[in-house]
1. Step by step: first the residues of the stretch 196-229, then only those that are among the acidic types (D, E), outside any helix (DSSP H, G or I) and away from ligand 2 (no atom under 16 Å from the Cβ), then the one that is modelled with the lowest pLDDT. Which residue is that?
2. Does the stretch 88-101 hold any residues that are more than 7 Å from ligand 1 (Cβ to nearest atom) and either within 28 Å of T34 (Cβ to Cβ) or at pLDDT below 95 (or both), and which are they?
3. Filter the stretch 196-215 for residues that are of a type outside the set (A, V, I, L, M, F, W, C) and within 19 Å of the chain's Cα centre (by Cα) and give the result.
4. Against the conditions (1) touching a residue at least 40 places away in the same chain (Cβ under 8 Å); (2) within 12 Å of the chain's Cα centre (by Cα); (3) within 16 Å of ligand 2 (Cβ to nearest atom), where does Y37 fall short? Just the number, please.
5. Against the definition (among the hydrophobic types (A, V, I, L, M, F, W, C), touching a residue at least 40 places away in the same chain (Cβ under 8 Å), within 16 Å of ligand 2 (Cβ to nearest atom) and in a loop (DSSP other than H, G, I, E, B)), how does A88 come out, yes or no?
6. Taking the stretch 34-65 on its own, how many of its residues are of a type in the set (V, I, T), in a helix (DSSP H, G or I) and under 22 Å from L89 (Cα atoms)?
7. If you scan the stretch 213-269, which residues turn out to be more than 16 Å from ligand 1 (Cβ to nearest atom) and among the polar types (S, T, N, Q)?
8. Pick from N121, N97: which is surrounded by fewer than 21 Cβ atoms within 10 Å (Cβ to Cβ) and at negative phi?
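The values are calculated or read from the model by the stated rules, or taken from the named source; none is laboratory data. No experiment lies behind these values; they were computed from the predicted model shown. Virtual Cβ from ideal backbone geometry, glycine too; neighbours counted across all protein chains shown.
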Amino acid sequence: MANPQETDAVILVGGRGTRLRPLTVNTPKPMLPTANYPFLQHLLARIKAAGITHVVLGTSFKAEVFEEYFGDGSDLGLEIEYVVEEEALGTGGAIRNVYDKLRHDNVMVFNGDVLGDTDLNAILHTHEEKDADLTMHLVRVSDPRAFGCVPTDKDGRVLEFLEKTEDPPTDQVNAGCYVFRRELIEEIPADRVVSVERESFPKFLSDGRKVYGHVDVSYWRDMGRPDDFVHGSSDLVRGVAHSPLLEGRTGEALVDDSAGVAGGVILLGGTAVGRGAEIGPGCRIDGSVIFDGATIEPGATIKDSIIAAGSRIGANARIVDCVIGEGAQIGARCELQGGMRIWPGVMIPDNGVRFSSDA
Ligand code: GDD
Ligand code: MG
């Protein structure tokens, strides 16, 4: 049985998180609070629970934020190292760039924005059983066009890798977790931008490498867009997606001890309320993520939205399916809906102006 103790974990966290702007203007995507922890901390806890202890983070955009928060990883029972790309090297370049830090023959690589319940040891087991050069975790999704489409044969051997194709031949996609044989990583060109999906995977296949898929039906979600981010956080809070950090604490809402929630507030749908946030009387907050230090004034209604740090939502405002950036101020009685994104620091005056990108 492949030994997780003899496996390195590599997490790719250098992307700019463009689809989550403006939340990612100042904070890298894997550090956004999700069920009251930086998203990456849930993944690190899963890695630790699987028995892997050596973790290398491939960072670029806002690289310093990760080390400031996680340090050497000892608080989490891990040994975390950091490798910074001055200029982002792409997913393949990032994997090649950590090569000198690797200690083991099995290297488990993770996209840093995937929420999942997959049994990591089962993927390692498939890798060993197939004696593969590379094993990819695969899942089935309803719309495979946004992902890497990965057809396999009846033995699970990967036939093709088609990144974000308009006409996918199967609904089976790359779940963003791989086990590499270490030598294979050395074959990725060093010191230049490489997409592992568009360049390295097709090359490994055309070179006849043994590339296998590990398919399962566990919970899986890419957190790259606001609606996935908000639903992923809610799924964690409700225990629909499992995180070792939340054991015994799942339910309709998760409220930090330092937050102030007034009487008569209704919190439901897996809402998370962060440190020092203040929620006034009579608010109803459903399926939303309230970051640290946000203030929600009395009587506001918030649904399926992300309210970033230090922002203020005025009394009786109604916010549905929106992203409110850091420090933004939404006046009393405003109504915002339909996927609107309010940039950090923007102020919208009082008095019920109706803003809707659906209009
Ligand atoms: N270090 C580093 N350097 N990390 C990077 C870079 C880089 O230049 N570019 C992207 N990343 C990281 C991102 O931070 C993210 O954690 C991960 O690599 C994947 O990048 P995304 O931008 O989120 O890619 P995607 O979601 O469009 O597609 C990828 O993930 C899908 C599954 O979620 C692909 O791997 C698809 O094939 C896959 O289906
Ligand atoms: Mg992604």
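1. First, the residues of the stretch 196-229 that are among the acidic types (D, E): 197, 199, 207, 216, 222, 227-228.
Okay, now just the ones that are also outside any helix (DSSP H, G or I), so 207, 216, 222.
Then drop every residue that is not away from ligand 2 (no atom under 16 Å from the Cβ), which leaves 207, 216.
Numbers: D207: 97, D216: 92.
For the stretch 196-229, the residue satisfying everything is D216.
2. Of the stretch 88-101, the ones more than 7 Å from ligand 1 (Cβ to nearest atom) are 92, 95-101.
The answer is G92, I95, N97, V98, K101.
3. Narrowing the stretch 196-215 to residues of a type outside the set (A, V, I, L, M, F, W, C): 197-200, 202-203, 206-210, 212-214.
Matches in the stretch 196-215: E197 only.
4. Y37 satisfies every listed condition except (3).
5. Yes, satisfied.
6. Start the filter on the stretch 34-65 by keeping residues that are of a type in the set (V, I, T), which leaves 34, 47, 52-53, 55-56, 59, 65.
Next cut, in a helix (DSSP H, G or I) only: 47, 65.
Imposing the further condition that a residue be under 22 Å from L89 (Cα atoms) reduces the set to 65.
Result for the stretch 34-65: 1.
7. Result: S233, S234, S243, T250, S258.
8. Values: N97 fails: surrounded by fewer than 21 Cβ atoms within 10 Å (Cβ to Cβ).
The conditions single out N121.
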